[in-house]
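Step one of this worksheet: look at the structure below.
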Amino acid sequence: MRLKIIIISVFLLAAGAASAQEDFSSRFSVRVGAGLPGSGAEYFTTNVLPTSYGMDAIYGDYTGDLKTIPAISLEAYYLYNQWFRFGLDVVYCSYSNQVLSGITGEVKKNRNGQSFVFLPTAAVNYYHKGALNLYMALGVGVGYYAGFDNMENNVAFDVQFTPFGIEYGRKFFCFAEAGLGTAVNWVRGGIGYRF
C-alpha cells in the first residue's frame, strides 16, 4: 500500500513538473463535428412492433424506413500537458419513421425521437509536430433518448472509443477520427478553435 502511494506521488509530481515547464498559450479547445450515428438507430427501431407469425406476419403492421440526421457533436477540452487532455463530448441526433398498416398501407403512427449523449472524455496525444496532432480517446457517459417509445428506460450507458484521430492546424483546426461507439460510429470530422 505504501509503495502505491509513493508511485502515485512521484507520478503526480512528474506530471506537474512537466506541465509547469511547458508553455501552453492555448489550453482550451472547442470542436464542432458530425459523424455517423451510433446505437441510437438500433435503440429506436428494436421492439417497436411485437414479433408475429402466420397470417399476422404477412398482414400485420410494419415500420417504414428510418430517417436520421448525422450525429452532431460539440466538444470542449482542457489540455493538461502536451500528451493528455480531457473534457466533455455532447452528441445530438434525431430519428423518425412511421408505423404503417399491413392491409391498407396507411400511416398509423409517426414516430420521432432525439438522443442526447454526454460523454466525459480523455484523450492521449501520441504524436505532435507543428500543426499536426495524432491522438486516441475514450469517453464514457450516459445518453437520454427522448421519444423512444419502445424503450423501458430512456437513459442508457454510452461509450465512445477513438483509436485514431487527427487534428491539423494551430488556433483554428480541422479534425477527423475513426472509432466505435454508441454515440458516433465509424467516422466523425469537423472544425475547432484553441484559446
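The values are calculated or read from the model by the stated rules, or taken from the named source; none is laboratory data. Not measured: the values here are computed from a predicted model. Methodologically, a virtual Cβ is constructed for each residue, glycine included, from the backbone with ideal geometry; neighbour enumeration extends over all protein chains shown. Only protein heavy atoms, including side chains, enter the accessible area calculation; ligands, DNA and RNA are left aside. Shrake-Rupley method; radii C 1.70, N 1.55, O 1.52, S 1.80 Å.
Answer rounded, prolate or oblate for the stretch 124-195, using the Cα gyration tensor with square roots of eigenvalues a ≥ b ≥ c: rounded when a/c is under 1.5, else prolate when a/b is larger than b/c, else oblate. All intermediate terms of the calculation are to be shown ahead of the outcome.
On the way: a/c = 3.18, a/b = 2.41, b/c = 1.32.
It comes out prolate by the Cα gyration axes.
With Rh defined as the Kirkwood radius, the inverse of the mean 1/r over Cα pairs, the Rg/Rh of the chain is 1.15. Each residue, I166 and L180, gets one label point 7 Å from its Cα in the Cβ direction; the gap between the two is 2.3 nm.
Please tell me the relative contact order of the chain in percent, rounded to the nearest whole number, where contacts are Cα pairs under 8 Å and at least six residues apart. For the chain, the relative contact order is 22 percent. Between the Cα long axis of helix 2-21 and the first principal axis of the chain there is an angle of about 80°, rounded to the nearest 10. For the chain, the dipole from Cβ point charges (+1 on Lys and Arg, -1 on Asp and Glu) about the Cα centre works out to 820 debye, to the nearest 20. As a fraction of the 1.4 Å probe accessible area of the chain, surface on carbon and sulfur atoms comes out at 67 percent. Shown are K109, K129, whose ranking by accessible area with a 1.4 Å probe and every protein chain present, most to least, is K129, K109. Taking a ≥ b ≥ c as the square roots of the eigenvalues of the Cα gyration tensor of the stretch 72-180, is the shape rounded (a/c under 1.5), prolate (a/b larger than b/c) or oblate? Prolate shape, in that a/c is at least 1.5 and a/b is the bigger ratio.
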